[in-house]
Amino acid sequence: MTTIRARRPSSNLRGAVLASLLALAGLSAAQATDGASAPATSPASAASPASASAPKVLRYAFRVAETGFDPAKVSDLYSRMVTPHMFEGLYTYDQLARPAKMKPLTAAALPESADDYKLWTVKLRPGIYFSDDPAFKGRRRELTAEDYVYTFKRFADPAVASPSWSEVEELELLGLNEYHAQVRKSGKPFDYDKPIEGLRALDRYTLQFRTKETRPRLMEVFAQGDLYGAVAREVIEAYPGDSMAHPVGTGPFVLKQWRRSSLMVLERNPHYRERFYDQEVDPAPDDAEGQALKARFKGRRLPMIDRVEIGVIEENQPRWLSFLNGEYDFIERTPEDFINQAMPNGKLAPNLAKQGKHAYRTVASDVLFTVFNMEDPLVGGYTPDKIALRRAIALAIDVERELRLVRRGQAIPAQSLYMPGTTGYDPAFKSDMSSFDPARAKALLDLYGYVDKDGDGWRDRPDGSPLVLESLTTPEQFQRQIDEIVQKNLNAVGLRIAFKPAKWPENLKALRAGRYQIWSLATSAAKPDGQDSLARMYSGQIGAQNYARFRLAAVDKLYDEASHLPDGPERLKIFDETKRYATAYMPYKYRGHRFITDIAQPQLIGYRRPQFWQNWWEYVDIDPDAAAKFKH
């Protein structure tokens, strides 16, 4: 396996690549003719008086390609940034409330719970309809409680192979796990008409959930509309094997075109129900910005824009230049390479401010981490020598250098698995996660027999066989800079590492299947509770959120206790204990929590980065007059 090193391409090559990527980014919808659905004509635009002459279009670019749009089948962030705009969960979060506040979306009210949080009842709002699709044979199709029963059952269907099944499985809805196991064993098709005691439609608009154990935060799971938004059975059955390309939900937008890993075009759902901005948000009284937005958009029907066009530009430079050139309305996550140019001393650069641009900087509820495959024969395992190798690797990596040089100071060191803004995160907690200590790394390696036995200058395994680490990686320049730091750090303590480059979706497949040794990536919180972070060490989440494939009975026990306890000091003690297990066994080296700076053109009005949820397009407006003021 060859080692990937960062190279500086020639100016001609750089120019050619840049021109090619910029052309891709600027590709018009009319040019994208091989999408999953019909050419993008816009009935939504015609339905909006404000946009009769010129549709309001939001344009921006993802930094990583999507995988598809079936909520039960996606797990990557970028697909999940699209799905909640087409699919709707029972609940969502108030776009302007800080801290996060859950609110009804398709539900008529907040849920009712009984029997120590083991019985939950949810009433749906009547008169909500799916967007039009040939599967409905020309009829308007109302959302019912049975649609959610079907939607949630899909996660248990082995044929769907949902990466989120483990999260639903943990809820222990009475009868669902048992039926899942029965279908897996028999090999028979999943019977969606089979009654499940823990998941029932009591009538057309009433859902009932029954769980085996106490589940105080059950509805936080179903507030993730990007995963648990309602799908219609007719649509799934109309496109067998192709549900990723045929998203049909009740949400404010519909997919009009899709060029995989290149272009996504969504338009306003022309039959979307009445929702008004000021009725959907409740900012804190002292939130001046939030109160101003609520007043500005009072009486405005959602969504306020007609169309969204998303490109994919993986390299930072062309994505940044495309934004500066006005091809996009905002840049989501300003690349670290350009943050000093964009935000010197933490303030928007004067030249960008004169152009009317606006910056939005937040500490993200996310974490950068390096994961070790605990089933790998070299870096996995629970014996002292294996633990020592992982801890030595962790101590040898200079995270501060990565954060300072490559990420331009746009992150703070991580001390544990828990993310800012979530339960379990404590800014005062310190651990070896952030330590850079090559001397200790060498001492650990020496102590457990990882020494140079053949005199070639590289450490070998205790049995004398060669020791070569292998890490997945992605091919873009930004990641190569991080890989170069890691390689130099490990070489300095006598360890060799080879990098295996592939596109991010391919690496994700390898990660899920356990076909990897090491990978460095990031994850974001999907809800305000820290249980998802702890899931990365829970054996029941192997193949899903437990990327390391870590198994430890003591941690499983703590995870189970945290699942059933209500929020409070007793539960926080459990989270503190799990931090120490994470540091001791080192299945992950948590490296940093990022600052995210989004920058908008003057015409994008009303943007505010969500904390955990992904749906925000319906809350923004495009104001052409604002852009015109800054044109020369």
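Residue check: is Met102 crowded, with 23+ Cβ neighbours inside 10 Å and touching a residue at least 24 places away in the same chain (Cβ under 8 Å)?
no
Could you list, in sequence order, the residues of region 105-130 that are part of a loop (DSSP other than H, G, I, E, B), over 24 Å from Pro566 (Cβ atoms) and either open to solvent by 30 Å² or more (accessible area, probe 1.4 Å) or among the aromatic types (Phe, Trp, Tyr) (or both)?
If the condition is that a residue be part of a loop (DSSP other than H, G, I, E, B), over 24 Å from Pro566 (Cβ atoms) and either open to solvent by 30 Å² or more (accessible area, probe 1.4 Å) or among the aromatic types (Phe, Trp, Tyr) (or both), then Ala108, Arg125, Pro126, Gly127, Phe130 are the ones that fit.
Identify the residue in region 613-626 that is open to solvent by 10 Å² or more (accessible area, probe 1.4 Å) and either part of a loop (DSSP other than H, G, I, E, B) or small (Gly, Ala, Ser) (or both) and, among all such residues, is nearest to Pro528 (Cα to Cα).
So the residue we want is Trp613.
Across region 427-448, which residue is nearest to Asp483 (Cα to Cα) among those that are open to solvent by 60 Å² or more (accessible area, probe 1.4 Å) and modelled with pLDDT under 95?
Here the answer is Lys430.
Looking at region 136-146, which of the residues that are touching a Phe, Trp or Tyr at 6+ places or on another chain (Cβ under 8 Å) and in contact (Cβ under 8 Å) with a residue 40 or more places away in the chain is most open to solvent (accessible area, probe 1.4 Å)?
Arg140
If you go through region 533-544 one residue at a time, how many are crowded, with 23+ Cβ neighbours inside 10 Å and under 14 Å from the mean Cα position of the chain (by Cα)?
Count: 1.
Looking for whichever is of a type outside the set (Lys, Arg), open to solvent by 30 Å² or more (accessible area, probe 1.4 Å) and either out of contact with any Ser or Thr (no Cβ under 7 Å at 6 or more places or on another chain) or outside any loop (DSSP other than H, G, I, E, B) (or both) here; the options are Ala554, Ala562, Ala548. Which one fits?
Ala554
For the list (1) among the charged types (D, E, K, R); (2) touching a residue at least 24 places away in the same chain (Cβ under 8 Å); (3) surrounded by fewer than 21 Cβ atoms within 10 Å (Cβ to Cβ), I need the number of the one condition that Asp456 fails.
Of everything listed in (1) among the charged types (D, E, K, R); (2) touching a residue at least 24 places away in the same chain (Cβ under 8 Å); (3) surrounded by fewer than 21 Cβ atoms within 10 Å (Cβ to Cβ), Asp456 misses just condition (2).
Taking the conditions exactly as written (over 25 Å from Tyr581 (Cβ atoms), among the small types (Gly, Ala, Ser), part of a loop (DSSP other than H, G, I, E, B) and open to solvent by 20 Å² or more (accessible area, probe 1.4 Å)), does Gly356 satisfy them or not?
The answer is no for Gly356.
I'm told Arg233 meets every condition in (1) more than 13 Å from Phe87 (Cα to Cα); (2) open to solvent by less than 20 Å² (accessible area, probe 1.4 Å) except one. Can you identify the failing condition by its number?
With (1) more than 13 Å from Phe87 (Cα to Cα); (2) open to solvent by less than 20 Å² (accessible area, probe 1.4 Å) applied to Arg233, the lone miss is (2).
Give me the residue from region 565-596 that is assigned to a strand (DSSP E or B) and modelled with pLDDT under 95 and, out of that set, least open to solvent (accessible area, probe 1.4 Å).
Among those residues, the one meeting the criterion is Ile596.
The values are calculated or read from the model by the stated rules, or taken from the named source; none is laboratory data. Note that the structure is predicted; figures quoted are calculated from it, not measured. Heads up, the Cβs are rebuilt from the backbone with ideal geometry, glycines too, and the neighbour counts pull from every protein chain shown. These area figures cover heavy atoms from the full protein model, side chains too; ligands, DNA and RNA do not enter into them. Shrake-Rupley method; radii C 1.70, N 1.55, O 1.52, S 1.80 Å.
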